[in-house]
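S.K.: Provided herewith is a single structure, encoded as structure tokens, for subsequent inquiry.
The values are calculated or read from the model by the stated rules, or taken from the named source; none is laboratory data. Computed from a prediction, not measured in an experiment: that's the story for all the values here. Neighbour counts run over all protein chains shown; Cβ positions are idealised from the backbone, glycine included. These accessible areas exclude ligands, DNA and RNA; they are computed on the full protein's heavy atoms, side chains included. Shrake-Rupley method; radii C 1.70, N 1.55, O 1.52, S 1.80 Å.
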2 protein chains.
Amino acid sequence: MKSVGKQSIDFDNVYLASGSTAVGPLEGDGPLGQEFDKVFDDLYCGETSWEKAEQNLMKTAINSAIKKANINESDISFAFAGDLLNQTVTSNYVMRDFKTPFFGIYGACSTSMESLILASVFVDSKLGENVLIATSSHNGSAEKTYRYPTEYGGQKPQSATFTVTGAASAIISQKTSEIRITKATVGRVIDAGENNPNDMGSAMAPAAYETIKQHLIDFNTTPDEYDGIFTGDLSSIGSAVLKDLMKADGILLDKNYNDCGLLIYDLKKQPVFSGGSGCACAATVTFSHLKNKLLSGEYKKILVCATGALLNPIIVMQKESIPSIAHAVVLERV
Amino acid sequence: MKSVGKQSIDFDNVYLASGSTAVGPLEGDGPLGQEFDKVFDDLYCGETSWEKAEQNLMKTAINSAIKKANINESDISFAFAGDLLNQTVTSNYVMRDFKTPFFGIYGACSTSMESLILASVFVDSKLGENVLIATSSHNGSAEKTYRYPTEYGGQKPQSATFTVTGAASAIISQKTSEIRITKATVGRVIDAGENNPNDMGSAMAPAAYETIKQHLIDFNTTPDEYDGIFTGDLSSIGSAVLKDLMKADGILLDKNYNDCGLLIYDLKKQPVFSGGSGCACAATVTFSHLKNKLLSGEYKKILVCATGALLNPIIVMQKESIPSIAHAVVLERV
């Protein structure tokens, strides 16, 4: 393992031992519905509150990831997890049930790739054979935290995104498997002055742009190197902004680029405004659909750039703009 | 660097290049007042809101830490920061002003030691020569986030703790200095069933107990090895609980044990209930008073065990108990 350029890391021996996903009913009805490990047919996921539903999603994903990696809980050296709720309570309350040394993280919707980078550093420096990562979001708990309870039935502009109900977990390991984590670029906090919390795609696109551009510079490469480049949850609006920003630099993000928030839903048929968002968006798409494409050999090498808007509702009401961050990871078929 | 026992890490070459602190007026009037790098004489710290005041505290501490380490911002490879506000907005908004690749973390009041462990892993694996850590808390912003705005003048029971207004930052480096970071024990999430948010000391004491005990087991040592063992913010109540828990195991935490929340204030003269708390509590005491004792040679080796209560107000109103975590780090005079 070594650092590369200004913001990147080159890993030697880091593998994806398993990845598992659990989602809600709308995600199950979406284009990737068949690829998730567990689809709950009720938004409460058998629980009595949105918060408990989200905990159930994360717990389901973690237990499944451990099982699929064919290890026991005691084989896990460290865990990294985070989520969107105040004080990341989903992760904290779920981790009560696991005896694993735990690092809580917060990167908003970039959490999946932030945790993947940190876990890869721990695995590659041989601090642990297996490191667990997990993240989640729930439409009901996120709306309550960031905007209004969904029960109010508030209306939204078309530029808004729809928080994915779901969770993903993965076991990152020293042990060789079909998928290797080879490179990463760690994001910086970027504030482009956007201040509309109902258009987070536009707020996050500059962070994705900065991270992807730095990735290409640090590794002296071009987008063509990848079979696919995927942002986390820029939505139809943010994705277009990102493409424009790249184009102005002479870099074409075109046939091999997509956004997880556009893959997880059918925007023509499902009521999701400009696309999916939330910690679970990049996480569930990466550890189901993208993982499957790598396993099948359709993709040999992909770049996943998860994007996070680092606001809270109070600070936006205080007339601050919305800073963002994006972390990118390269996954390769061995 | 290698992992030791179940939850610990042994570092090879990790040094404290600098540590800096900024605090509010009450902390400046306390027993350690002379040891902080900057004391603001107004709780607003020259700003117009508690949130901006907290950002100013963190920014002041970071800029001072960079200056004291005799480096430039561009010499910093990575940064880790977290705080108590919803979605850790203090750290996120402060990091807009720095061009450093950034990992947001959340460990409640254990954040200082969580960030110190992660930074040490990055430094020891040679991913960066200098890694920055920062954390903060502000009495006004924390009360507003967790309880009621201080402007309401609500009353509190004596078991409550008082959130420290302050911030600390440090530069962790490969370059040798007088203070080495030698060992760490990463905490697990512990839930002892406590559910009184006005007595977080009792909720966190079991987490401190588990981490300190595991530390002693992992390194096959006793409390006597240390010139001082310091918990983060257990308060007079939680400290007594910790001592009792240790005593039941035949381990005496006595003359060399103290709590940062009891050191930072004069409990007889200052209106702080059962002691100080908040992310800044362990952080400002460690990177001022404890650092100074190491530099003077009075302490050769200390263990700092920062403690975090992982609640949010909603989940406590939903009748959940309060899980906690504690991360411990050994600092040694070279």
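S.K.: Which numbered condition in (1) within 30 Å of A:Thr211 (Cα to Cα); (2) open to solvent by 10 Å² or more (accessible area, probe 1.4 Å); (3) polar (S, T, N, Q) is the only one that B:Ser136 fails?
M.R.: For B:Ser136, the failing item is (2).
S.K.: Kindly indicate whether A:Ala168 is at positive phi and among the small types (Gly, Ala, Ser).
M.R.: It is false that A:Ala168 is at positive phi and among the small types (Gly, Ala, Ser).
S.K.: Next up: Please go through segment A:197-234 and give me each residue that is β-branched (Val, Ile, Thr) and either in contact (Cβ under 8 Å) with a residue 60 or more places away in the chain or touching a Gly at 6+ places or on another chain (Cβ under 6 Å) (or both), ordered by number.
M.R.: Once the filter is applied, which keeps residues that are β-branched (Val, Ile, Thr) and either in contact (Cβ under 8 Å) with a residue 60 or more places away in the chain or touching a Gly at 6+ places or on another chain (Cβ under 6 Å) (or both), segment A:197-234 yields A:Thr211, A:Ile212, A:Ile217, A:Ile229, A:Thr231.
S.K.: Another question, if that's okay. List the number of the failed condition for A:Ala192; all other conditions in (1) more than 30 Å from A:Thr100 (Cβ to Cβ); (2) touching a Phe, Trp or Tyr at 6+ places or on another chain (Cβ under 6 Å) hold.
M.R.: Every condition holds for A:Ala192 apart from (2).
S.K.: Take residues that are surrounded by fewer than 24 Cβ atoms within 10 Å (Cβ to Cβ) and tell me which of the helices (runs of 4 or more DSSP H) falling wholly in segment A:215-334 contain 1 or more.
M.R.: Counting at least 1 such residues, we get A:235-248, A:260-263, A:291-296, A:313-317.
S.K.: Under 6 Å between Cβ atoms, which residue pairs at least 6 apart in sequence (or on different chains) link something in segment B:144-155 that is within 13 Å of another protein chain (Cβ to nearest Cβ) with a partner that is among the hydrophobic types (A, V, I, L, M, F, W, C) and surrounded by 12 or more Cβ atoms within 10 Å (Cβ to Cβ)?
M.R.: Pairs that qualify, where the first residue is within 13 Å of another protein chain (Cβ to nearest Cβ) and the partner is among the hydrophobic types (A, V, I, L, M, F, W, C) and surrounded by 12 or more Cβ atoms within 10 Å (Cβ to Cβ), are B:Thr145/B:Leu85.
S.K.: Follow-up question, since we're still on this one. Please specify each residue of segment A:89-124 satisfying the condition of being closer than 18 Å to B:Asp83 by Cα and acidic (Asp, Glu).
M.R.: Residue satisfying the conditions is A:Glu114 alone.
S.K.: Taking B:Val89 as the residue in question, decide whether it is within 19 Å of A:Ile314 (Cβ to Cβ) and β-branched (Val, Ile, Thr).
M.R.: For B:Val89, the condition - within 19 Å of A:Ile314 (Cβ to Cβ) and β-branched (Val, Ile, Thr) - is met.
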